[in-house]
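The values are calculated or read from the model by the stated rules, or taken from the named source; none is laboratory data. Everything quoted here is computed from the prediction, not taken from an experiment. Heads up, the Cβs are rebuilt from the backbone with ideal geometry, glycines too, and the neighbour counts pull from every protein chain shown.
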């Protein structure tokens, strides 16, 4: 049997562990067995549900009495600003790719990083739970490529935290800046300082959770058994390791990673701002930004694409910060169409190409001879060896 081993472990590719691949001519079950979160059946079901919700929303906006102002704004929307919004969403998606590659494996080619990261975003557009389905797809690809489960868990937690850092940090800065008058925009102290304090509290809570998880893990290791705490030990370890990994990565001050993390958030905020401009409204960017950061919490609801939760969260936040309800509703609906359709349109072909890449990788592993080098997703260049 042939196995694939790391040819130069001192290079510290993406993982230091050696992963074994069978070289038998059997089918590749991993290619067919997608993770449950992104199985064909579930994706088909969520797409149908998402389409039904979209149809209902269109019918409601088009026919329901009392929404004439919203229909009028859509009828006179500026196409140029819609195009700008689409371009900004593409830029946001590309920044996600930049951050993903830097966190998970810098030795992957840019093309492979693009396929995995864009597939994740496409899955997150149609699957519920704030992008958990997209993350599950990325975990499946990396695990299949040989990255150890512990490393994937650590980096997944770190990536989630890192993509949240700009949101939390910006919320603190916006809240303090608006409350002190340093930034343009008008909002009460309660609407600026309370969100800022909550964001600062979230940072402290995350650090405290890491320390608590480490203590629980150590206590469980000292008293091994089959208790519930013992079964949860890997989760506690992943949380603690993920927080430490995120802090380690931030201390490196990698400009590409920072650009990716900031760009992923900033460009998406600008999509919402461009949606207002497309409908003839010019709110302060600071007000749009703070409402965006608060309203996006609706994306955590277990609804395909966050449909309903995000809209209500964004519209509610924008109205609370002083924008007219009709204007906010029209802008949010336009923003959501762009935010969902662009990643889905980019993610589907990326996933198709990713599946093709995985099949070629599996074929290369089966056909390789001892001493040949094979590129493995999540690991880089590895060499085939023969074992008894």
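So the values come out like this:
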| quantity | calculated |
| --- | --- |
| Residues within the range 169-194 that are more than 22 Å from the chain's Cα centre (by Cα), in contact (Cβ under 8 Å) with a residue 24 or more places away in the chain, part of a helix (DSSP H, G or I) and closer than 18 Å to residue 266 by Cβ, tallied | 4 |
| Residues of the range 57-77 satisfying the condition of being assigned to a loop (DSSP other than H, G, I, E, B) and either more than 22 Å from residue 269 (Cα to Cα) or at pLDDT 95 or above (or both) | 64, 65, 66, 67, 76 |
| Residue in the range 301-334 that is surrounded by the fewest Cβ atoms within 10 Å (Cβ to Cβ), counting only those that are modelled with pLDDT under 90 and assigned to a loop (DSSP other than H, G, I, E, B) | 302 |
| Within the range 198-210, tally of residues that are within 19 Å of residue 288 (Cα to Cα) and either modelled with pLDDT of 90 or more or surrounded by fewer than 16 Cβ atoms within 10 Å (Cβ to Cβ) (or both) | 1 |
